[in-house]
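First up is the structure itself, then whatever we jot down about it.
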Amino acid sequence: MNREEFFEQLREGLSGLPESEIADILYDYNEHFEIGSSKGKTQEEIALELGNPQTIAKSYRVNAKITKAEKNPSPSNLIKALLAAMTLGFFNLIFVLGPFLGVIGLLFGLYGISIGFVAGGMGSILSTLAAPFFSGIHIGVHPITSISIGTGLTALGVLLLIGSFYLTKFLYQLTLKYLRWNLDVITK
């Protein structure tokens, strides 16, 4: 592959990135060709040393998605970064998607437990307070005990909900660091 073919494929692969970023990348690779030519290498040798331009472009696009997810944290940006990272190869499908789905399952479970504790606690309190107004309802526990248990469950649920929120933020950052590390391993 000669210089023109390399740059044509690289530019095509970089489509979608900001034009200024594409220009910087092309300038850097142009310098590689200039330096290689000054050392007496052919265009084909330089292109071979640099690697597949489509793979190079993919790594730049993945890097752009990860950077966007870092600057504008949102679930959609994180998912876009994950999907982009998975395009780098089958390895990423297993080692990126698997742990991510496990973490998402853990978070859903924690949020579910939190909401269940809050609902159970509130239900205990409300049923104790409403029991005197309905004939035939008898609570087998002293009302103060029932309200205390309800308050404790509600407080525990709220604390778990707060903890789950902070864990979500932490895991978001950890996922981005993992994606960045993964990109570095794949591209080197």
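Laboratory data are not the source of any read-out in this text; all were calculated from the coordinates shown. Because the structure is a prediction, the values reported are computed rather than measured. Cβ atoms come from the backbone with ideal geometry, glycine included; neighbour counts cover every protein chain shown.
A few notes on this one:
- Considering only Leu50, Phe33, Leu110, the residue lying farthest towards the positive end of the dipole of the chain is Leu110, judged by Cα position with unit charges set on Cβ.
- Between Val158 and Lys71, the C-beta separation translates, for a Förster distance of 30 Å, into a calculated FRET efficiency of about 0.45.
- Backbone geometry of the stretch 94-104 corresponds, through the Karplus equation with coefficients 6.51, -1.76 and 1.60 at θ = phi - 60°, to 3J(HN,Hα) couplings of 7, 8, 10, 5, x, x, 5, 5, x, 5, 4 Hz, x marking Gly and Pro.
- Option label - volume of the Cα convex hull per residue in Å³ computed here, alternatives (1) 140; (2) 210; (3) 116: (1)
- In percent, rounded to a whole number, the relative contact order of the stretch 73-187 is 34, using alpha-carbon pairs under 8 Å and six or more apart.
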